[in-house]
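Before any comments, here is the structure.
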Amino acid sequence: MRPLLTRSTHPIFQRETQTVVAVRPTLSTLAPAKINLCLEVLGRRDDGYHEIDTLMVPLAWGDSLAIRPRDDDALHLHVDWRALDMPTPRLAAEDNLVIRALEKIRPAGAGADVWLIKRVPPEAGLGGGSSDAAAALRLGNRLWNLRLSDARLKVLAAELGSDVPFFLEESAARATGRGERLQVVDGLGSLHLVIVKPPQGLSTAEVFRHADLGGRAPKLESVIDRLQRGDVTAAGGLLANTLQSAAETLCDAVGRTCYELRRSGGVGHLMTGSGSACFVLCRNQQEARGIAGRARSLRLGQVWTTRSVA
Ligand code: C5P
């Protein structure tokens, strides 16, 4: 049956759902956003992707996903976009990574209602759609008692997108290949961050097409070393993303946002992933709040304060 995409309020927060839960369990999870503390594009590959070397950290802030089995074989996705300061995107359900993830694993005849609360903006470099897909694989695996191994889930995740396997790790990681080869990195600490998403978004494919392949090599290992020593200030000075110049060429707001954030304080300022969101690495929560307040008063876009998950 063709999946439906509807916009609705989130029934798991409504009282009558309590009764339903007793009969058919609802599974739910946070689908965290990520930032790239370093990203280097090493070269173009024959398959159209780019070889990268990047350090990614998951955040304590993200989308919420809930899933409940149905009696029929329909997959119904209900998306709540109200937390985002943007028009609701017109999106075919088949294109949504959550539906594509569930279609990959659902047994014949199984159906589900899925609720997605979007807080992480699309076209931002924050991994929102990829994280939703990873969360759907994890929840679907439990809901339908499939017992798919971590290795199998990672293969399916990589088919859905380069960033999706990272969100199955649930920890900071260095990612190579097209982003799907992961090495977990421990001990980075929980970092105080301000995230700013300009109103304009950027297409990942478009930014990679304009990537500067001769860019300055980010000092990824040095960033890991400084963070593991607890020297956030030194790490902040080493953050680098070789996709940023391409993104600034495609979207003026990226350069302007980073410029204003640099003037606002903090120890590191960078675009995340392929943009257009930028972030500030801060010494503490108080500094993060001050920078977020200034970013809001300058109307740079939507602003969040959060922390990385160590
Ligand atoms: O893997 P994903 O579907 O998220 O990638 C979206 C697009 O971004 C790809 O089609 C490709 O054009 C570009 N990309 C790339 N190199 C990567 C990751 C993504 O060129 N390592």
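The values are calculated or read from the model by the stated rules, or taken from the named source; none is laboratory data. Being a predicted model, the structure only gives us computed values, none of them experimental. As a convention, Cβ positions derive from the backbone with ideal geometry for all residues, glycine included, and neighbour counts pool all protein chains shown. Each accessible area value is taken on the protein alone, full model and side chains, heavy atoms only, with ligands, DNA and RNA left out. Shrake-Rupley method; radii C 1.70, N 1.55, O 1.52, S 1.80 Å.
Given the peptides 160-170, 299-309, arrange them by the average over their residues of other C-beta atoms within 10 Å, most packed first.
Numbers: 160-170: 22.4, 299-309: 19.1.
So the order, starting with the most tightly packed, is 160-170, 299-309.
With 16 Å as the cut-off, how large is the P(r) tail for the stretch 22-72, expressed as percent of Cα-Cα pairs?
Values: 819 of 1275 pairs.
The answer is 64 percent, as a whole percent.
Any idea what the relative contact order of the chain is, in percent, if you count C-alpha pairs under 8 Å spaced at least 6 apart?
Details: 717 pairs, mean separation 66.2, N = 310.
After rounding, I find 21 percent.
Rounded to whole Å, give me the distance from the Cα center of the stretch 127-190 to that of the stretch 233-310.
25
For the stretch 50-185, what % of the accessible area comes from carbon and sulfur atoms, probe 1.4 Å? Before the final figure, lay out the partial values.
Details: 2290 of 5130 Å².
Carbon-and-sulfur percentage of accessible area, whole number: 45.
For the stretch 233-310, report the % of Cα-Cα distances exceeding 18 Å. Numbers along the way, then the final one.
Details: 1102 of 3003 pairs.
In whole percent, the long-distance tail amounts to 37.
Calculate the dipole size of the chain relative to its Cα centre from +1 charges on Lys and Arg beta carbons and -1 charges on Asp and Glu beta carbons; express the result in debye to the nearest 20. Don't skip to the answer; put the middle values down first.
On the way: 39 positive and 34 negative charges, 146 e Å.
Value, rounded to 20: 700 debye.
Go ahead and run the numbers for FRET between Arg289 and Glu159, Cβ-Cβ distance against an R0 of 45 Å, rounding to 0.05.
0.65
Work out how far the C-alpha atoms of the stretch 80-172 reach from end to end along every principal axis, then list the three figures in whole Å, largest first.
Principal-axis extents of the Cα atoms in the stretch 80-172, largest first: 38, 34, 18 Å.
How big is the chain along each principal axis, measuring the range of its Cα positions in Å and listing the largest first?
Computed over the Cα atoms, the extents are 55, 44, 36 Å.
Could you report the stretch 76-212's accessible area per residue, 1.4 Å probe, as an integer in Å²?
On the way: 5650 Å² over 137 residues.
That works out to 41 Å² per residue.
Based on DSSP H runs of at least 4 residues, each adding -39500 (n - 2.57), what is the mean residue ellipticity at 222 nm of the chain after dividing by all its residues, to the nearest 500 deg cm²/dmol? Working shown, then result.
Numbers: 11 runs with 102 residues, N = 310.
The helix-only estimate for the chain comes to -9500 deg cm²/dmol at 222 nm.
Take every DSSP beta bridge with both residues inside the chain and express the antiparallel ones as a percent of the total, to the nearest 5. Can you show the working numbers first?
Values: 45 of 56 bridges.
DSSP beta bridges in the chain are roughly 80 percent antiparallel.
If you count, for each residue, the other Cβ atoms within 10 Å and average over each peptide, how do 104-111, 252-259 line up from highest to lowest?
252-259, 104-111
Please go through the residue pairs Lys154/Lys197; Lys197/Lys219; Lys154/Lys219; Lys34/Lys219 and name each one whose alpha carbons sit more than 23 Å apart in this structure.
On the way: Lys154/Lys197 29 Å; Lys197/Lys219 25 Å; Lys154/Lys219 28 Å; Lys34/Lys219 19 Å.
Flagged as over cut-off: Lys154/Lys197; Lys197/Lys219; Lys154/Lys219.
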